[in-house]
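Just so it is clear, none of the values below were taken in a lab; they were calculated from the coordinates. Note that the structure is predicted; figures quoted are calculated from it, not measured. With ideal geometry, Cβ positions are generated from the backbone for all residues, glycine too; neighbour counts draw on all protein chains shown.
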Amino acid sequence: MFNRIIRAAMLDVAFYNEVEADTSLTQEALIVVVLVSIASGLGAFIGGIIGAEFARAIIGLLVVIVLGVVNYYIWAYVTYFVGTNLFKGTADPGELLRVLGYASGPRLLGILSFIPCVGGIASLIGAIWALIAGFIGVREALDLDTIKTLVTVIIGWVIVLVINLVIGRVLGVGAAGFGAAASFLQR
């Protein structure tokens, strides 16, 4: 699994084509998302503890972990729907779940988010890196050209961001909700 995460993070196009076709890797892709979400949640938790806000640290940990996994499913299914219906891409939801699961690997940098100044930058780098990896995975899974893939990814990303902002407002977790929404960027 570790080697597959590295290949995904290295933006290996051949890897994304292999994962797309290998149905036995669906559960492992989910495990990657869970582990990455836990790492990001731990970064938020440690940051909250350092700030002497234990209750917020616990909420941040739980929100980041749960929304990391929920966002993964939402983004995969929205991307599937947009890519296949709007642009006639060829894929099934499982293909997108696999490629996006592995593409989330660079979000592991979210564990560093508690480090003043550097942690936020590392987390942002992981988010952008994972988004680029997700773009490559979506392009390969849906067999779309670059422009259609870009539009598909942007639509999916915006929908998930809006959902996260609404959840943050409804739950009243404010900054923690926004932080969880930002963790989606790390896909």
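Relative protection proxy for 38-47, 110-119, from highest mean packing down: 38-47, 110-119 (other beta-carbon atoms within 10 angstrom). For the chain, the dipole from Cβ point charges (+1 on Lys and Arg, -1 on Asp and Glu) about the Cα centre works out to 480 debye, to the nearest 20. Computed from backbone phi, the HN-Hα couplings of the range 23-30 come to 5, 6, 9, 4, 5, 5, 4, 5 Hz, rounded to whole numbers (Karplus: 6.51 cos²θ - 1.76 cosθ + 1.60, θ = phi - 60°; Gly and Pro given as x).
Using the Cβ-Cβ distance between Ile121 and Asn17 with R0 set to 22 Å, the FRET efficiency works out to roughly 0.10. Counting only C-alpha contacts under 8 Å and six or more residues apart, can you give the relative contact order of the range 2-185 as a whole percent? After rounding, I find 29 percent. Sorting 92-102, 9-19 by average packing, meaning the other beta carbons within 10 Å per residue, from highest down gives 92-102, 9-19.
In the chain, the calculated helix contribution to ellipticity at 222 nm averages -27000 deg cm²/dmol per residue, counting -39,500 (n - 2.57) for every DSSP H run with n ≥ 4. Which one, (1) 10.4; (2) 13.6; (3) 9.5, gives mean projected area of the Cα convex hull in nm² as derived from the coordinates shown? Structure-derived value, by its label: (3).
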